[in-house]
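What follows is a short report on a single structure.
Computed from the coordinates by the stated procedures, all read-outs in this text should not be read as laboratory data. What you are looking at is a predicted structure, and each value in this text was computed from that prediction instead of being measured. In this analysis, Cβ positions are derived from the backbone assuming ideal geometry, glycine residues included, and neighbour counts consider all displayed protein chains.
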Amino acid sequence: MNNRLEEIRKQRGIKQEELAAALEVSRQTIGSLENGRYNPSILLAFKIARFFGLSIEEIFIYEEDGKV
């Protein structure tokens, strides 16, 4: 699953540490999400979407068999 987390975070001028604190996760978790090494739980995906005022689908891109 791909995501636009880093792009959205940078557009809004938010540091990884600030986002991590707001979501109550580690900065390493944010880095892993942004680099695609980790997919969020549904709860964390909702928290991220709510933080940015976006839908989950606007942040996380699910691709099945290479198709969007």
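Would you check if Arg50 is in contact (Cβ under 8 Å) with a residue 40 or more places away in the chain, out of contact with any Leu (no Cβ under 9 Å at 6 or more places or on another chain) and not hydrophobic (A, V, I, L, M, F, W, C)?
Taking the combined requirement at face value, the residue does not satisfy it.
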| note | Filtering helices (runs of 4 or more DSSP H) wholly in the stretch 18-68 for at least 1 residues that are exposed (fewer than 12 other Cβ atoms within 10 Å of the Cβ) and β-branched (Val, Ile, Thr) gives 42-52
| note | Among residues of the stretch 7-17 being closer than 24 Å to Glu63 by Cβ and surrounded by fewer than 16 Cβ atoms within 10 Å (Cβ to Cβ), the residue nearest to the chain's Cα centre (by Cα) is Glu7
| query | Among the residues of the stretch 32-41, is any in contact with an Asp or Glu (Cβ under 6 Å, 6 or more places away or on another chain) and touching a residue at least 40 places away in the same chain (Cβ under 8 Å)? | reply | no
